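Novice: Here it is, the structure in full.
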Amino acid sequence: MSLKLAALSLGPLLTLVFSSAPVAAGEISGLQPDRRPQGAPVMTAYPKDGAWYRRALTGIEQPYPASLRFLEDQGAWFTPFIHPGMTGPYDIRGWHHEDKPPSP
């Protein structure tokens, strides 16, 4: 019983000790996290060739809706639109089917 009591009282004590410990300057996201470091690489262009557009438009029939114009502005950041999603009845674009719908 006393071991259980000791364990229960040790948890909050350790939480208090470690949560109030000072954080070293090297462990945070810099002193100005809203600014990129000097000399950090900068991506100035993200070329998209025909293969990229074919993959992005997989399972979508022509004429393409105007709502897909966002692909023209798509940069190097992640977008779930150009990657396979759920399987089964939710795979409306045919990403996971053996007989994929024809790509443009």
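Novice: Please go through the range 32-77 and write out the trypsin sites (Lys or Arg not before Pro) that DSSP classes as loop and that have at most 10 other C-beta atoms within 10 Å.
Specialist: Sites meeting the loop and neighbour criteria: Arg35.
Novice: Per residue of the range 52-61, in order, report the coupling 6.51 cos²θ - 1.76 cosθ + 1.60 (Karplus, θ = phi - 60°) as ³J(HN,Hα) in whole Hz, putting x for Gly and Pro.
Specialist: Along the range 52-61, the couplings run 5, 5, 4, 5, 5, 9, 4, x, 10, 8 Hz.
Novice: So what is the relative contact order of the range 45-104, in percent, for Cα pairs below 8 Å that sit 6 or more residues apart? Walk me through the intermediate numbers first.
Specialist: Values: 40 pairs, mean separation 32.4, N = 60.
Over the range 45-104, the number comes to 54 percent.
Only the coordinates and a few stated rules stand behind these numbers; no lab work does. Everything numeric here is computed off the predicted structure, so don't read it as measured data. Cβ sites come from the backbone with ideal geometry, for glycine too, and all protein chains shown count toward neighbours.
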